[in-house]
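Visitor: There's a structure below that I have some questions on.
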Amino acid sequence: MRANDKQTSQTLLRGLKILEFIARGGSGLSIRQLAGEVKLPRSIVHRLISTLEDAGYLQKNSPMPGYRLGTKLWWLGCAAIQELEIKEVARPHLEDLAAKTKELVNIAILDGKEVLYIDKIDSSQSVRAHIPIGGRAPAYCVATGKAILAHLEDEEVIKIISSAKKVTDKTVTGIDHFRDHLAEIRRRGYSINLGEYHDDVGGIAAPIRDGEGNVVAAVGITFPLNRGTSKNILRFGSLTMEAAAAMSRKLGYADANIKDTILIGRKSNTKVAVERKEELR
């Protein structure tokens, strides 16, 4: 028993050693190179990498070689510190967004094919949407999920959308259609959900980036669909982009074009407004 316990601990330590090395900047190395750096046999590193990838702790770089940390580690980190970093960074802006919109506002991260809601502020209105902290939803049919998916590699998007099914009549499915949908989100700067997950619920969301420019979360506004007027969509879209930009800056993201993105999003609002007015007729 002692020998087995020692062997298990050694395997765990080796896996953690690999994760720590990749976290320190070793994400671009092949398995052979990684084995040399951590001074372990290539066969063992290959087995550990495969196990960590299957469990969601590592993801393949695409199309470049190597591996990067998976979203499951992000989730574990959030659980360990009770999501303190992003919640502390985001909370003041979340409160400001809630005060300006009077709707439910939330922060979500991607976990596998779902979004995980890590913080929220409820609407003060009597008729309101509801999302619990720790709640989950399919990423492809909610605003926060689409805001994140729009900035993933095509290979990762295909894995998620390939098994997607229509939840309501308005759910966007089909790989080609969904790709076009994500391209529009990137151009606009924020995502829109008008009854794609629940017939009577809508949402607007914008991506939050870390210091390296990676999209790590999304900030969203969720509301009863009858309040999803063209005027509110325009306003909520601008507000979510501004909130996401402020949160991103606090996480270390300094993109000189971020103001241009917000301006482009505002210009795109004209098209959104026309489409929404036609839909409401």
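Visitor: Sort through THR173, THR101, THR168, THR144 and tell me the only one that's hydroxyl-bearing (Ser, Thr, Tyr) and farther than 18 Å from ILE204 by Cβ.
Guide: Criteria check complete, one pass: THR173.
Visitor: Then there is this: Evaluate the following for LEU58: is it crowded, with 17+ Cβ neighbours inside 10 Å and not assigned by TED's automatic domain parsing to the domain that holds THR229?
Guide: yes
Visitor: Just the residues that are surrounded by 14 or more Cβ atoms within 10 Å (Cβ to Cβ), over 18 Å from LEU13 (Cβ atoms) and of a type outside the set (D, E, K, R), please, taken from the stretch 24-53.
Guide: SER27, GLY28, LEU29, ILE31, GLN33, listed by residue number.
Residues checked against (1) out of contact with any strand residue (DSSP E or B) (no Cβ under 9 Å at 6 or more places or on another chain); (2) small (Gly, Ala, Ser); (3) in contact (Cβ under 8 Å) with a residue 12 or more places away in the chain; (4) closer than 22 Å to TRP74 by Cβ:
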position	(1), (2), (3), (4)
LEU152	no, no, yes, yes
LYS170	no, no, yes, no
ASP199	yes, no, yes, no
THR229	yes, no, yes, no
ALA245	no, yes, yes, yes
LYS250	yes, no, yes, yes
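Visitor: Which one is modelled with the highest pLDDT, of the residues in the stretch 1-36 that are of a type in the set (Ser, Thr, Tyr) and under 29 Å from the mean Cα position of the chain (by Cα)? Steps first, answer last, please.
Guide: Our first condition is that a residue be of a type in the set (Ser, Thr, Tyr); within the stretch 1-36, this holds for 8-9, 11, 27, 30.
Right, trim to under 29 Å from the mean Cα position of the chain (by Cα) and you get 27, 30.
Values: SER27: 80, SER30: 87.
That would be SER30.
Visitor: Turning to a different aspect of this structure: Could you tell me which numbered condition SER162 fails, if it satisfies all but one of (1) closer than 23 Å to LEU225 by Cα; (2) in contact (Cβ under 8 Å) with a residue 12 or more places away in the chain?
Guide: (1)
Visitor: Looking at the stretch 22-115, what strands (runs of 3 or more DSSP E) fall wholly within it and have at least 2 residues that are farther than 30 Å from GLY237 by Cα?
Guide: 58-60, 67-69
The values are calculated or read from the model by the stated rules, or taken from the named source; none is laboratory data. Note that the structure is predicted; figures quoted are calculated from it, not measured. Note that we place each Cβ from the backbone using ideal geometry, even for glycine, and neighbour counts take in every protein chain shown.
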